[in-house]
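To start, the structure under review is shown below, and the notes come after it.
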Amino acid sequence: MRIGYAAGAFDLFHVGHLNLLRNARKRCDLLVAGVVSDEMLRSVKGIEPVIPTDERAEIVRNLRCVDRVHVETTPSKLEAWHAVGFTHFFKGDDWRGSPKGLVLEEQFAEVGVQIEYLPYTMHTSSTALRRALSAITASAATAPASELTAVSDLQEVAAR
């Protein structure tokens, strides 16, 4: 049985995340999605998550292509392997040949896990979405009161 594992923050979930998970699912019998915890995002990447771990895990868990979710609380992918027992590890091809990718290949080769690189969705990323949100927030801070009122009105209508 091919047990696949595809890990990520899955914060600000976008089509690149969906592409990774769907493509991974096509290449295994069972797909476990690793959701990196808030604490790990803060300590390893220096990123403050927008969506809390539990909510991100719930979103990913409810995708048809995902069979199970594992919340990662340590930076070691080998620890995730010990917890999950996957046979195949899926990563975006932007990792191929990178220092981190080479370390993963070496570690997983020792335990018989095959790494498969999947196409990276170039036109969208969480980093780009974070920049856009920052720009919108900064723009709202300097917007005239009339524009802010219109935004407040839209938010109020949306809340109903």
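We did not get these values from a lab; they are worked out from the coordinates using the rules stated. Every value quoted in this text rests on a predicted model; they were computed, and no experiment measured them. Counting neighbours? That spans all protein chains shown, and the Cβs are built from the backbone with ideal geometry, glycine included.
So what J values fall out for the range 101-113 if you push phi through Karplus, 6.51 cos²θ - 1.76 cosθ + 1.60 with θ = phi - 60°, rounded to Hz, Gly and Pro as x?
x, 5, 5, 4, 4, 5, 4, 6, 4, 5, 10, x, 8
Near K26, which aspartates and glutamates are there with a Cα under 19 Å away, not counting those fewer than 8 places off in the same chain?
D67, D93, E116
Quick one: net charge of P49's neighbours, Cβ under 9 Å, K/R +1, D/E -1? Mind showing how you got there, number by number?
On the way: positive: R42, R56; negative: D11, D38, E48.
Result for the neighbourhood of P49: -1.
Can you tell me how the range 1-127 classifies by the Cα gyration tensor, rounded, prolate or oblate, using a/c under 1.5 as the rounded cut? Walk me through the intermediate numbers first.
On the way: a/c = 1.29, a/b = 1.20, b/c = 1.08.
In terms of gyration-tensor shape, rounded.
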